[in-house]
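Note sheet for the following structure.
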Amino acid sequence: MGLNRPITIGRIDYANVWPIFHYAEEQLPEGRYIIDRRVPSALNRAMQQGLIDITAMSSFAYAQDADNYLLLPDLSVSAKGRVNSILLFMKVPLKQVLNGGRIALTATSATSVNLLKMIMSLYYGANPSYVTMEPSLESMLEEADAALLIGDPAIHASWRSEGLTVIDLGELWRSWTGYGMTFALFAVRKETAEADPAAVATVLHALTDSKRLSMREPQPLIEKACAQLGGLREYWSRYFQELSYNFGTDEQAGLSLYFDYAKRLGLLDREVHMQFFVDHTALQVNE
């Protein structure tokens with residue numbers, strides 16, 4: 001058993017994923033594991049093409065190819081309500097956006113784009129037009145009435161959004177459905193899990209330990225965010241507190257509803273049955 005090559009791990013380098021990776025890399029032997037940093041859409045493509053073994057990936061991209069993946073248990077990027085970094089910026093009143101408006105969509109992630117389409121269709125009963133663009137608020141609003149941004153670009157845009165109306169999609173999803181929203185999952189290709197389950201378990205332990213340490217002591221992350229991205233300590237303290245990195249029954253129920261809505265709208269062509277990687281090293285320890 002085992003692969004005669006390094007395991008490649010995809011890392012989204014947005015701040016919302018930092019807690020799961022912050023302490024993990026120091027636990028993964030260099031040469032045995034390679035960290036590949038890309039935006040979500042690029043990681044999704046690389047995972048689908050078999051160029052990456054394990055990755056943080058958009059929930060929607062996981063659903064499109066779920067039969068080829070196993071989920072790493074109890075890891076996600078979720079929000080029970082407000083997410084603060086999945087934001088719709090509007091330069092005109094919402095009513096105008098809903099009635100024949102044009103929305104510029106970020107090119108960096110599918111989960112949030114399709115969440116917005118669900119909200120527009122199923123919640124508002126609207127059918128605006130869409131255009132996909134690179135994530136620049138100013139350029140997007142030159143071309144459209146509203147702009148969807150995610151991750152760090154959304155955070156930076158929210159700090160200079162005077163005169164714009166801003167809708168937090170996580171908060172709206174919660175008020176609509178009563179569920180939190182899971183934006184990213186952690187998955188491993190099935191063939192990698194079958195060929196080298198011990199290596200996958202090592203990654204799972206490293207990511208889980210990083211999540212635990214980051215939530216117990218968030219100050220290093222807050223300081224890193226202030227230094228690299230700007231903003232106030234109070235903002236980043238609240239930001240990390242309002243995110244959830246677990247993937248328990250509540251998160252799974254909310255995501256299952258998202259998948260059901262996606263299928264209803266024809267965004268997905270099949271039902272999604274989530275399958276999880278089983279860490280047999282933990283079972284052996286327990287025995």
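Just a few scattered comments:
- Residue-count net charge about Met133 - beta-carbon cut-off 10 Å; Lys, Arg +1, Asp, Glu -1: -3
- Summing Cβ point charges (Lys, Arg +1; Asp, Glu -1) relative to the Cα centre of the chain gives a dipole of roughly 520 debye.
- Qualifying GluC sites (Glu not before Pro) in segment 148-202, DSSP loop, other Cβ atoms within 10 Å at most 10: Glu162
- For the chain: lysine pairs under 18 Å (alpha-carbon distance), excluding those fewer than 8 apart on one chain: 4
- For the chain, built as a Gaussian network whose Cα springs stay under 10 Å, the top-fluctuating residue of Ala198, Ala187, Ala56: Ala198
- Fluctuation leader among Ser58, Ser129, Ser85 - the chain, Gaussian network, Cα springs under 10 angstrom: Ser129
- Asp65-Asp36 pseudo-label distance in nm [points 7 Å out on the Cα-to-Cβ vector]: 1.0
- For Ile150, Ile34, Ile155, order by how many other beta-carbon atoms lie within 10 Å, fewest first: Ile34, Ile155, Ile150
- Rounded, prolate or oblate (a/c below 1.5 giving rounded, otherwise prolate when a/b exceeds b/c) for segment 1-78 by Cα gyration tensor: oblate
- Mean-square fluctuations from a GNM of the chain, with a 10 angstrom spring cutoff on Cα atoms, peak among Ala184, Ala63, Ala195 at Ala195.
- Remark: C-alpha extents of segment 84-209 on the principal axes read 54, 28, 23 Å, sorted largest to smallest.
- Computed from phi, the 3J(HN,Hα) profile of segment 117-126 under the Karplus parametrisation 6.51, -1.76, 1.60 (θ = phi - 60°) reads 5, 4, 4, 4, 7, 8, 8, 8, x, 10 Hz, with x in place of Gly and Pro.
- Distance (nanometres) between label positions extended 7 Å along Cα→Cβ at Arg45 and Glu162: 3.8
- Fraction of beta bridges assigned by DSSP in the chain that are antiparallel (%, nearest 5): 60
- Over the chain, relative contact order from alpha-carbon pairs under 8 Å, at least 6 apart, %: 30
- MRE, 222 nm, helices only [DSSP H, n ≥ 4, -39500 (n - 2.57), over the chain, to nearest 500]: -12500 deg cm²/dmol
No value in this document is a laboratory result; all are computed from the given coordinates. Keep in mind that this is a model prediction, so the values were computed, not measured. Cβ coordinates were reconstructed from backbone atoms using ideal geometry, including for glycine residues, and neighbour counts include every protein chain displayed.
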